[in-house]
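These notes concern the structure reproduced below.
No lab work stands behind these numbers, since they all come straight from the coordinates. As the structure is a prediction and not an experimental result, all values here were calculated from the model. Methodologically, a virtual Cβ is constructed for each residue, glycine included, from the backbone with ideal geometry; neighbour enumeration extends over all protein chains shown.
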Amino acid sequence: GEMAIGIDRIGMFVPDQYLDLTDLATARGVEPSKFTVGIGQSRMSVPRQCDDIVSMGANAIADILPEIDVDRLGLMVVGTESGIDQSKSSSLFIKHLLGLPNRIESFEIKEACFGGTAGLFVAYHYVAAHPDRTVLVVASDVARYGLGTSGEVTQGAGAVAMLVSANPGIIALDDDSEDYSEDINDFWRPNGRTEALVDGKYSMRVYLDFFRHAFDAYCDRRSLGLDDFGALLFHLPFTKMGVKALRVALEQADDRNRERLEGNFAMSARYSREVGNLYAGSLYLSLLSWLENPRGDDGDVGDDGVRALAGQRIGLFSYGSGAMGKFFTGRVQPGYQRHLRVQAHARMLNDRRRIDVAEYERLFAAYYGTGDFETQIPSSGFYFSGVRHSIRQYSLAD
Ligand code: CAA
């Protein structure tokens, strides 16, 4: 049959500190259940100045680098909303930090939270044309709305890195998406601004409209129904957004499909609930969360305690404000469990330091400043170490 192309490995990185959102609720005079239930978030990653999209992207790749055959790598693409230069691509910094060869093609893509998905499909077509080569797709972002804004609780920071190849280890993608785009102003960030501008309620409405359009069109065209999906996964700016989108998909569902797809969605939302919005990386963090969090009550857990997901078709909805929506599908590959890093990712999330609201506010204000980088060296990994001669500098801690 046709050559399978898709996601061979997935790595992630989140900064090593978080804000508990009940603390934020208390400080803002809001009922904590508004954040934990109404928005559906428990914690959010808080970046220090030393965590930018380059350092986080490099650390997400480092998570899977030992598994990558660098000789086969042909392209590295970064999708981001929070670029660190108006001209030069963050991918070149990352490529250098990881010591990747100079023969690799490398660039950055922008379309708000859609950049990671754009990169994934560029990678798909690159591998289709050069089946012996592989591509690294990195989605890295800092989500920032401002202190005291209604978007504040939906911030976050982190990166996801995916290796795309022929005969992939984790997900084979179908090159058959349903796209929808329109020039609208739901969320944007004019040049020079460090916080996004957003029309929050409108952005939610457009997200749901685009999802309905793309999902219905996809299912109609291929005569698919809910029975055909093992899971529906979403871009999660906050987990309640995905709950609302799933509700659209389940309008005509019977109890069995409803229970099944809601249960799988809950697994996909676990990491996002702990981390917040990763913009370009959020959909892929949901995918990783779904793969890495076994659901114990649906009877198909294997001897190793991991669900038997192999062979299932999954549907993914990517949304970038401005706006662009894409619904696409893939199949979980046999043996996918071998390529996950469940324990390492659990440690990454659980070993984070809890900071209080005063420290979060101080870090927020300092983030785009010149700062004292000497006090910020993390215990491991790549970090941004300041600007010299208008050039960003990076280091490796160990
Ligand atoms: N207990 C439980 N729930 C409560 C509650 C309480 N005490 N008080 C309020 N709630 C519920 C509300 O009922 C509401 O839930 P429902 O929508 O299910 O009814 C929820 O909490 C949110 O409350 P509000 O409706 O009052 O909303 P808000 O003014 O606080 O703003 C927001 C919420 C619009 C999401 C805002 O945080 C925001 O603008 N975020 C950034 C934009 C965003 O993420 N948009 C998503 C789509 S765009 C996109 O996806 C791209 C991207 O990444 C940015």
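The modelled label-to-label distance between Gln252 and Arg338, using points 7 Å beyond Cα along the C-beta direction, is 4.1 nm. Among Pro15, Pro47, Pro131, whose mean-square fluctuation peaks in a Gaussian network model of the chain (Cα, cutoff 10 Å)? With Cα springs under 10 Å in the chain, the top fluctuation among Pro15, Pro47, Pro131 is at Pro131. In terms of other Cβ atoms within 10 Å, Val127, Val30, Val138, Val46 run from fewest to most in the order Val30, Val127, Val46, Val138.
Measuring spread by the Cα atoms of the stretch 130-238 yields a radius of gyration and Dmax of 17.6, 50 Å. Rounded, prolate or oblate: which fits the stretch 57-132, taking a ≥ b ≥ c as square roots of the Cα gyration tensor eigenvalues, rounded meaning a/c under 1.5, else prolate when a/b beats b/c? Oblate shape, in that a/c is at least 1.5 and b/c is the bigger or equal ratio. Of the residues Ser181, Ala323, Gly281, the one whose Cα sits farthest towards the positive end of the charge dipole of the stretch 5-397 is Gly281 (charges of +1 on Lys and Arg Cβ, -1 on Asp and Glu Cβ, taken about the Cα centre). The simple spin-label model puts a point 7 Å past each Cα toward its Cβ; for Glu67 and Asp227 those points are separated by 3.4 nm.
Counted residue by residue at 0.36 nm each, then reduced by the alpha carbon distance between them, the extension gain from Leu147 to Arg193 reaches 15.1 nm.
Per residue, how big is the convex hull around the C-alpha atoms of the stretch 5-397? Give it to me in cubic angstrom, could you?
Numbers: hull volume 53.2 nm³, N = 393.
Cα-based convex hull of the stretch 5-397, divided per residue, equals 135 Å³.
Close Lys pairs in the chain (alpha-carbon distance under 27 Å; sequence gap of 8 or more, or different chains): 14.
With neighbour counts taken as other beta-carbon atoms within 10 Å, the residues Leu283, Leu73 rank, fewest first, as Leu73, Leu283.
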